[in-house]
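Q: Take this structure, written in structure tokens, and hold onto it; I'll ask about it next.
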Amino acid sequence: MGLFSKKKPAAQAPKAEPQKKPAQTVNPDDIWNTPKKTVKVKESKYGDETEEALTEPISIDPDTIKKKMEALERELEEQKNKPPASYEPITSVDEEEVVSAQTKYEEQYLIEHEKYLASHKEDIVSANDDDVESKITDMVIEHDKRAEEEKLSFGNIEETDPEKIASGLSELGVAKDVTLDKDYKNISEVGADEVAEKLSGLGVAKDVTLDKDYKNIEEISAEDTEAVTKEFIEKYDKKES
């Protein structure tokens, strides 16, 4: 019975709701006078950081937007009202059309050619007969002068006496016959045993690694190289001075 005789808890009073803060009024001057946002920029990995102000978006006039939309609607309406284009293949071209087009082209060409001549009239100079004749005379004189210089330099080959040529060739003598030398020996007649005998007399190549002053180039340090270079410069600078 003790379990069911427990008293119910008294009803709690409802909690009072927290008072809402009044909305803060925003001053327009505070918006327009806020400092511009900046970002840090580096031109390269090793460059210095600099701060640059971000550009503010440019406001567009509503009237401008309205005018653009009206123009776009008019253009779309004109496209709708256009008659559909026909793409029928051209079966033949009338000969009169070809002649007419050719005539128009030739007329236009003459007009453009006359305009070109008129614009370049000062650049076109008629050749003077006297001037042309004097230039030809100068060219002939220059040609004859060079021909005389060639004769003096090389002589007249056609007038060379054949006897002089034969005499000069006889003075050259006869080429030496190397087969008459006492040490001459035909390579094809040298035997393998003779070659081996001559090579054995040459001995064995010297082993430079056994010399006391031998040093492997790969083992030379930078300090040794610098010391030898310094010694070389001091030695030969003194000689030159």
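The values are calculated or read from the model by the stated rules, or taken from the named source; none is laboratory data. On a predicted model such as this, the values are computed, not experimentally measured, just so you know. As a convention, Cβ positions derive from the backbone with ideal geometry for all residues, glycine included, and neighbour counts pool all protein chains shown. Only protein heavy atoms, including side chains, enter the accessible area calculation; ligands, DNA and RNA are left aside. Shrake-Rupley method; radii C 1.70, N 1.55, O 1.52, S 1.80 Å.
Q: Given the condition at pLDDT 75 or above and open to solvent by 100 Å² or more (accessible area, probe 1.4 Å), answer yes or no: does some residue in the range 8-27 qualify?
A: Checking the range 8-27: not a single residue is at pLDDT 75 or above and open to solvent by 100 Å² or more (accessible area, probe 1.4 Å).
Q: Could you list, ordered by first residue, the pairs with Cβ atoms under 7 Å in which the first is in the range 176-205 and open to solvent by 70 Å² or more (accessible area, probe 1.4 Å) and the second is not in a helix (DSSP H, G or I), at least 6 apart or interchain?
A: Val178/Tyr184
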